[in-house]
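First comes the structure, then the notes that go with it.
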Amino acid sequence: MSTLKEKAAKGLLWGSVSNGLQQLLNLVIGIFLARRLSQSDYGMIGMITIFVALGASLQEGGFIAALNKRKNATYNDYNAVFWTSLGVGVVFYLLLFACAPLIANFYKQPQLTSLTRYVALSFVISSLSTAPRAYLFTHLMVRETSIMTITALAVSGIVAITMAFMGMSYWSIATQNIVYIIIIATLSYHFARWRPSMRVNFTPIKEMIGFSSRLLITNIFTIINTHVFSVILGKLYTAPDVGNYTQANKWNTMGSSLISNMMYGIAQPVFIRVDDDRARQKAILRKMLRFTALVAFPLMLGLALVAKEFIVILITERWLESARLMQLLCVAGAFAPISYLFSNLVISRGHSSWHMWATIGQCLAGLIFALIFANYGIHVMVAAYVMVSVLWTGVWLWLAHRETRLNFWEFARDISPYLLLSVALCVMAHFIANGIGNIYLRFTAKVLLVGVPYVVILWLLGSIILHEGIEMLRDKFRRQNHP
């Protein structure tokens, strides 16, 4: 039987490969769609994204994390979650179906009535897979989850691109989401080998509801915090403005989620398994923190550096406004995986109420600053949001400190080498490469001027986490070629 360390290493490896492939697919799909669709098309989807995300969160109900917290979850536990999730999904679909005209009136976009009702079908479909997805998650089946996700992303992307070239505008993006969820639901049953039963006992729901409800409230405020700009922009500005912000946030999220999703498949289950050993949990946290900083800072700050070239090369100059927003968002994106890691620790320790109040606080602070600066223009408003997001990392650190005694100086010592080196290299690359006229050469120069020195300097300085990561990849390659 694999040890916890082996499972964690295998999970991180599969998570890294999977997320790399996912981001590559998202990149290709995003290029085709952005070149074919308009800012208004993305704006229409952006206006209702918050309602769709809220519905998805409500039907999941925090039960995946709650089942993971139950170290010996039974079949009846999963079965109870299945029927509860399905019931909530159906109820929320009917509610949003009825409220669709009100949403359309709020934005003064009549087309949103039919679009909202169509997209809301995803609630019911997704609710069917909550239990088997929870099974895959709690059993650290990262390989199966990776295959499932990549397949769903590829097929749904092909469908969306085909519809876009047929002139079906924003309906192609809406259909992409539904097809993705259908494939995820189907394959989750295939890999989990789990089936629901009509004989259901809802007692486990009563036992999990305290923990899961706090996670649910947390998720709701996280969604509000993430999508509040789309609502404000849709009300105060125009659909193209929402589209530009949606496009910028999409590329930023792709970058930060590359690291966060890598952690998601392994961090919380590993923290759970060493729950009784605080010293070991702190050691694992610090190693994951260094790994996160190693990847997050050069990736996200580098993405901010090349944002204009990146956007123009991939999806043409008509999206240049989104590049300016993307530069701001990438700063917050650099710290997002660190906050995410700390939040996983807090949840694994059973403190869903701490997690809930911290998320609510961040959401309210972001919303207040957004409304205060809304009249000063979209760039000032987004900059204020970024400032709140970065500073709120300190709140998550404080919560992690309460559980592991990780203090600020240890935190700073773990992340500062990667942060300072990334900032220095990005500044250097900006001044050296900005005079290059050819956009392709300028983009390439910036990437090389950050990426190559970053790896070389850390290697020469003897970065343990870099050496361990490279050695892990080498061992995996050797095992595959010499079974």
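The values are calculated or read from the model by the stated rules, or taken from the named source; none is laboratory data. Treat the numbers as computed from the prediction; the structure is a model and nothing was measured. FYI the Cβ positions are ideal-geometry reconstructions off the backbone, even for glycines, and counts take in every protein chain you see. Side chains included, ligands, DNA and RNA excluded: accessible areas come from the protein's heavy atoms. Shrake-Rupley method; radii C 1.70, N 1.55, O 1.52, S 1.80 Å.
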Review point. Roughly what would the spin-label model give for Val390 and Met166, points 7 Å off Cα along C-beta, in nm?
Key: 4.6 nm
Exercise for review: Set the Förster distance to 41 Å, then compute FRET efficiency between Ile432 and Arg35 from the Cβ-Cβ distance, nearest 0.05.
Suggested key: 0.85
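From the Cα gyration tensor of the chain, with a ≥ b ≥ c the square roots of its eigenvalues, which class applies: rounded if a/c is under 1.5, or else prolate if a/b is larger than b/c, or else oblate?
Values: a/c = 1.43, a/b = 1.03, b/c = 1.39.
Because its axes are fairly even, with a/c under 1.5, the chain counts as rounded.
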Practice item. Mind giving me the nanometre distance, one decimal, between the label points for Val312 and Leu27, set 7 Å out from Cα along Cα→Cβ? Key: 2.0 nm
**Study point:** Size-normalised alpha-carbon gyration radius of the stretch 298-457, reference 2.2 N^0.38 Å
**Key:** 1.19
Study note, to complete from the structure: Kirkwood Rh for the stretch 299-358 from C-alpha pairs, in Å, is 13.3 Å
Practice item. Choose one of Ala164, Tyr245, Leu449: the residue whose Cα lies farthest towards the positive end of the charge dipole of the chain (beta-carbon charges +1 Lys, Arg; -1 Asp, Glu; about the Cα centre). Key: Leu449
Check your understanding: So, with +1 on the Cβ of K and R and -1 on the Cβ of D and E, and no other charges, what is the size of the charge dipole of the chain about its Cα centre, to the nearest 20 debye?
Key -> 760 debye
Practice item. Using R₀ = 45 Å, calculate the FRET efficiency as 1/(1 + (r/R₀)^6) where r is the Cβ-Cβ separation of Asn201 and Phe408; round to 0.05. Key: 0.45
Study note, to complete from the structure: the chain accessible area per residue, 1.4 Å probe, protein heavy atoms, integer Å², reads 44 Å²
Practice item. Starting from the Kirkwood radius over alpha-carbon pairs of the stretch 350-424, derive D by Stokes-Einstein at 25 °C in a medium of 0.890 mPa s and give it in µm² s⁻¹. Key: 173 µm²/s
Point to revise | Long pairs among Lys250/Lys308; Lys235/Lys308; Lys250/Lys446; Lys250/Lys287, criterion Cα-Cα beyond 20 Å | key: Lys235/Lys308; Lys250/Lys446; Lys250/Lys287
Review point. Tell me, what is the FRET efficiency for Trp459 and Ala424 to the nearest 0.05, using R0 = 22 angstrom and their Cβ-Cβ distance as r?
Key: 0.85
Point to revise | Spread of Cα-to-Cα distances over 5 Å intervals beginning at zero, given as percent, for the stretch 73-197 | key: 2, 11, 17, 18, 17, 15, 11, 7, 3, 1
